[in-house]
1. Straight distance only, please: which aspartates and glutamates reach the Cα of K113 with their own Cα at less than 12 Å, same-chain residues fewer than 8 apart left out?
2. Explain nothing, just the number: relative contact order of the range 38-102, from Cα pairs under 8 Å at least 6 residues apart, as a whole percent.
3. Let's see if you can work this out: charge +1 on each Lys and Arg Cβ, -1 on each Asp and Glu Cβ, no other charges. What is the dipole magnitude of the range 44-149 about its Cα centre, in debye to the nearest 20?
4. Report, in listed order, any pair from K42/K115; K56/K94; K42/K94 with a Cα-Cα distance greater than 19 Å.
5. What full-extension length gain, to one decimal in nm, is calculated for S102 and K125 as 0.36 nm per residue of separation minus the Cα-Cα distance?
6. If you count the DSSP beta bridges with both ends in the range 44-149, what percent of them are antiparallel, to the nearest 5?
7. Quote to one decimal, in nm, the extra length available between F144 and K118 on full extension: 0.36 nm per residue of separation minus the C-alpha distance between them.
8. If you stretched the chain out fully between N110 and A63, how much longer would it get, using 0.36 nm times the residue separation minus the C-alpha to C-alpha distance?
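Nothing in this text is a laboratory measurement; each read-out follows from the coordinates by a stated rule. Only a predicted model underlies this, so the values are computations on that prediction, with no experimental measurement involved. Please note: Cβ atoms are built from the backbone with ideal geometry, for glycine as well, and neighbour counts cover all protein chains shown.
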Amino acid sequence: MCALAIFFGSPSSNLLLLSNMSYGILRYCFPIGASKNAMTDKRDVWQGTLALMVLKTLQSMGALHGYGIARRIEQTSGDLLSVNYGTLYPALLKLEQEGYISSEWGVSDNNRKAKYYKLTRAGRKQLETEAREWEQTTEILARFLSPERES
């Protein structure tokens with residue numbers, strides 16, 4: 001079951017999104033109503049969605065190294081999101097420990113040693129579950145944001 005908690009308030013408030021695939025307390029560090037990151041003009045990836053984005057990226061692209069995963073997530077977002085590598089690599093390690101992805105060493109396009117990650121059977125199953133739960137969560141939020149849609 002996907003759990004959701006949202007806190008609204010002053011511009012310094014946090015938006016919390018929690019799921020059964022969380023890695024502790026999740027913070028959406030971008031304040032509601034504030035401007036985009038001034039240095040990169042991109043928003044940070046919501047930590048509660050990072051694992052789902054990684055799994056979906058590996059499903060659609062096949063085996064990728066960490067930098068490739070990060071770049072693909074950024075490209076898929078239309079370069080509106082920025083992946084924090086300090087968050088990505090612990091998430092990859094956690095996904096591997098949970099059996100959702102596996103890894104092996106290989107050589108990257110620029111002839112450097114790199115760890116390539118790929119989706120496992122358990123990861124495909126988890127991706128389906130997580131995607132379904134996030135769709136349900138967004139449907140619930142849509143009811144609050146667009147009350148005229150109520151039946």
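1. Candidates past the 8-residue exclusion: E104.
2. Relative contact order comes out at 41 percent.
3. Numbers: 14 positive and 13 negative charges, 76 e Å.
Approximately 360 debye in magnitude.
4. Working: K42/K115 26 Å; K56/K94 16 Å; K42/K94 25 Å.
Table pairs above 19 Å Cα-Cα are K42/K115; K42/K94.
5. That works out to 6.8 nm of additional length.
6. Details: 9 of 10 bridges.
Bridges in the range 44-149 are about 90 percent antiparallel.
7. Fully extending the segment from F144 to K118 adds 5.7 nm.
8. 15.3 nm
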